[in-house]
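The values are calculated or read from the model by the stated rules, or taken from the named source; none is laboratory data. These numbers were taken from a predicted model, which means no experiment stands behind them. For neighbour counting, all protein chains shown are included, and Cβ atoms are generated from backbone atoms with ideal geometry for every residue, glycine included. All accessible areas refer to the heavy atoms of the entire protein, side chains included, with ligands and DNA or RNA removed. Shrake-Rupley method; radii C 1.70, N 1.55, O 1.52, S 1.80 Å.
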Amino acid sequence: MTLVSLSFEVHQPIRLRKNFFWDGYLNRQVVPDLSAYYFDEPENRRIFDRVSDKCYLPANQAILEGIKKLKETDRPFKVAYSFSGVFLEECQRYRPDVLDSFSGLVETGMVEVMEQTYYHSLASLYDDPGEFIEQIKMHRELIWDIFALRPTTFENTELIYSDQIAEIADRMGYKAIFTEGVVADPNYVYRPPNTSISLLLRNYQLTDDIGFRFSSHNWEEYPLTADKYAYWLSAVRGRCINIFCDYETFGEHQWTDTGIFEFLRALPEQILRHESLQFAKPSEIARLIPPEREISVERHVSWADLERDTSCWLGNALQHACFIYQKRLEAPAKESRDPDLLAIWRMLGLSDHLYYIFTHGGGPGEVHSYFSPYSSPYDAAVTYFAVLCDLHGRLSRKTHLADSPFRFATGIDQFTGEFAWTLMGLEAILGQIPLPSLEYHNVKGDYVLWAETSLGDRALAERLAGMQKLKGRRLREGLIQAVAASLAGEGDGR
């Protein structure tokens, strides 16, 4: 018996105000609502409404019909979804009926909900995995709040994957993880090194037959019918077949008049006409099929473009510059202690912003242009960079951002692990730094040097210079008072 999983990634971008730079919004001092200042709320709502009516609701109805029709049989119809956190937020904000529709599917028991990053981000590509792990935990909490489920299958943004990502998912308790089927024969289960997690691979050829080639009149297999597709599945050699596509394939990318919904409605019964095929959730495939062998994937792969790597987001200098800039703002966003600023910073980490800055031509370029709200990738880069610049300025003023972080140590190269990029961040951790470390830096004059050169705060530097003979608790209290005074603007020498 070959197990067939039918999985869908469900995500909608949060688009920026595309004329943010050209209309002179950059660095305005008084902004009542920073989120509305950066993001195009009317356009995001308009597109979400359109896709809801064209895709989500009719596709959900087709899936529900298939589940009900086959639920009492010995081979029921099952599917799986990977919702981004921002998609579920948009459901709650714009279209609760869409969320109710998905909830109804989950309640049938025939639907698996997978985990991913809350912000559909590239946080898995950061040097420090902390933000990646934090976004997974945020997503986990949201899935519990909405569906009361604890998913056991993980699908990273756009199937981005490496051995390191597998190890993180394994440590977080997941039993299965998905990636693109370019690393091995996709019709078997594998094991990443140093883990006990199951690696499932997307059959991209069979998936792309639906996602990209379905309505192509130039395709030699056009038209694709459900019985033909089911026959192809029955001829596959292996233990499993993982079909995994964007949910927007149905009704949005492949329009209704292509026959895509008729195909979707007919597919379950056509597949089950073949006695060798049976639907299964990804978690069931991971549980029932033992790994064929161990495979190592040291370099990142994904399902994106022909390269199947990360070049669709990081393939040119503009993309790299924006990626590094956004990542560089992580510390001040977190040290600001402002949940709204942190949420905005994370929203600016959506993979879509870099996707629009793709500059290669050919077929992939046409696909990127199709999805982009901008007239060119250069307009996308200007807009994104301008928003990052604006946020940078606001964070810098609020937190007193330094040019380089203050890293605590107890001796040369004996770092404690605590650091602060901002004066607000320093204030937050001074109460927990071990006294030997505080005294070590005080004797060396490190506080004065950092305040004077990295912060550019002469008044603070003078206060700190007068404390170099203090030790123990008096030193800690003096540091906290000096920093608080600087944050309050007392004798500001910046």
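For the stretch 304-394, taking the reciprocal of the average inverse distance between every pair of different Cα atoms yields a Kirkwood hydrodynamic radius of 13.7 Å. Considering all C-alpha pairs of the chain, those separated by over 41 Å amount to 28%. Output the 0 to 90 degree angle, nearest 10, between the alpha-carbon long axis of helix 130-147 and the longest principal axis computed from the alpha carbons of the chain. With both axes taken from Cα atoms, the answer is about 50 degrees.
Which order do peptides 178-189, 70-81 fall in by mean Cβ count within 10 Å, highest first? If you can, show how the numbers build up before the last one.
Details: 178-189: 20.8, 70-81: 17.3.
Taking the mean over residues of other Cβ atoms within 10 Å, the ranking is 178-189, 70-81.
What Kirkwood radius, in Å to one decimal, follows from the Cα pairs of the stretch 176-223? Hydrodynamic radius (Kirkwood, Cα only) of the stretch 176-223 equals 12.3 Å. Shape annotation for the stretch 198-239: C-alpha extents along the principal axes are 38, 18, 14 Å, from largest to smallest.
Classify the stretch 47-139: rounded, prolate or oblate, from the alpha-carbon gyration tensor (a ≥ b ≥ c, eigenvalue square roots; a/c under 1.5 rounded; otherwise prolate if a/b is larger than b/c)?
Note, shape of the stretch 47-139 comes out oblate.
When the chymotrypsin sites (Phe, Trp or Tyr not before Pro) in the stretch 211-285 are filtered for DSSP coil states and for at most 15 other beta-carbon atoms within 10 Å of their beta-carbon, the remaining sites are Trp219, Trp255. Computed with a 1.4 Å probe over protein heavy atoms only, the accessible surface of the stretch 338-411 comes to 37 Å² per residue. The value obtained for the stretch 1-113, namely the Cα convex hull volume divided by the number of residues, is 116 Å³ per residue.
Taking the Cα centre of the stretch 90-189 as origin and assigning +1 to Lys and Arg Cβ atoms and -1 to Asp and Glu Cβ atoms, the resulting dipole is close to 280 debye. Per the Debye calculation on the stretch 198-331 with a single equal scatterer at every Cα and no solvent contribution, log₁₀ I(q)/I(0) for q = 0.20 Å⁻¹ amounts to -1.25. The alpha carbons of the stretch 190-263 give a radius of gyration and a Dmax of 14.8, 48 Å, in that order. Taking a ≥ b ≥ c as the square roots of the eigenvalues of the alpha carbon gyration tensor, the stretch 343-428 is prolate, as a/c is not under 1.5 and a/b beats b/c. Over the stretch 384-494, the ratio between the Cα radius of gyration and 2.2 N^0.38 Å evaluates to 1.07.
Taking Cα atoms of the stretch 389-446, Rg/Rh with Kirkwood Rh, to two decimals? Value, to two decimals: 1.05. Can you tell which of Phe214, Tyr384, Gln61 lies farthest toward the positive end of the dipole of the chain, using +1 and -1 charges on the Cβ of basic and acidic side chains (Lys, Arg; Asp, Glu)? Farthest towards the positive end: Tyr384.
Using alpha carbons only, how many angstrom separate the centre of the stretch 105-126 from the centre of the stretch 64-81? Spelled out, the Cα-based centre of one part sits 21 Å from the other. On a 0 to 90 degree scale, rounded to 10, what angle separates helix 260-272 from the longest Cα axis of the chain? With both axes taken from Cα atoms, the answer is about 70 degrees. Take the alpha carbon gyration tensor of the stretch 142-216, find the square roots of its eigenvalues, order them as a ≥ b ≥ c, and report rounded if a/c is under 1.5; if not, report prolate when a/b exceeds b/c, else oblate. Judged from the Cα gyration tensor, the stretch 142-216 comes out oblate (a/c at least 1.5, b/c at or above a/b). Label sites at Glu221 and Arg458, each approximated as a point 7 angstrom past Cα along Cα to Cβ, lie 7.3 nm apart.
Pick out, from Leu264, Pro373, Gln432, the residue whose Cα sits farthest towards the positive end of the charge dipole of the chain, with +1 on the Cβ of Lys and Arg and -1 on the Cβ of Asp and Glu. With unit charges placed on the Cβ atoms, the residue in question is Gln432. Measure nothing fancy, just the Cα-based angle from helix 435-444's long axis to the longest principal axis of the chain, in degrees from 0 to 90, nearest 10. On a 0 to 90 degree scale, this one is about 60.
According to the Kirkwood relation over distinct C-alpha pairs, the hydrodynamic radius of the stretch 75-214 is 16.0 Å. When the P(r) of the stretch 427-480 is calculated, the portion above 13 Å amounts to 54% of the C-alpha pairs. Distance between the modelled labels on Ala484 and Glu41, one decimal in nanometres: 3.7 nm (7 Å Cα→Cβ projection). Extension gain for Arg293 to Arg407 (0.36 nm times residue separation, less C-alpha to C-alpha distance): 36.7 nm. Taking every alpha-carbon pair under 8 Å whose residues sit at least 6 apart, the chain reaches a relative contact order of 16 percent.
Solvent-accessible area per residue in the stretch 138-277 equals 41 Å², computed with a 1.4 angstrom probe and all protein chains kept. The string of couplings for the stretch 391-402 from the Karplus curve (6.51, -1.76, 1.60, θ = phi - 60°) is 5, 4, x, 5, 5, 4, 5, 6, 9, 6, 6, 8 Hz, one whole number per residue in order, with x for Gly and Pro. For the chain, which whole-number percentage of the solvent-accessible area (1.4 Å probe, protein heavy atoms only) is attributable to carbon and sulfur atoms? Carbon-and-sulfur percentage of accessible area, whole number: 50. Under a model in which nothing but the beta-carbon of Lys, Arg (+1) and Asp, Glu (-1) is charged, the chain shows a dipole of about 1080 debye around its Cα centre.
Computed about its Cα centre, the charge dipole of the stretch 212-283 is approximately 400 debye, with only Lys, Arg, Asp and Glu carrying charge at their Cβ.
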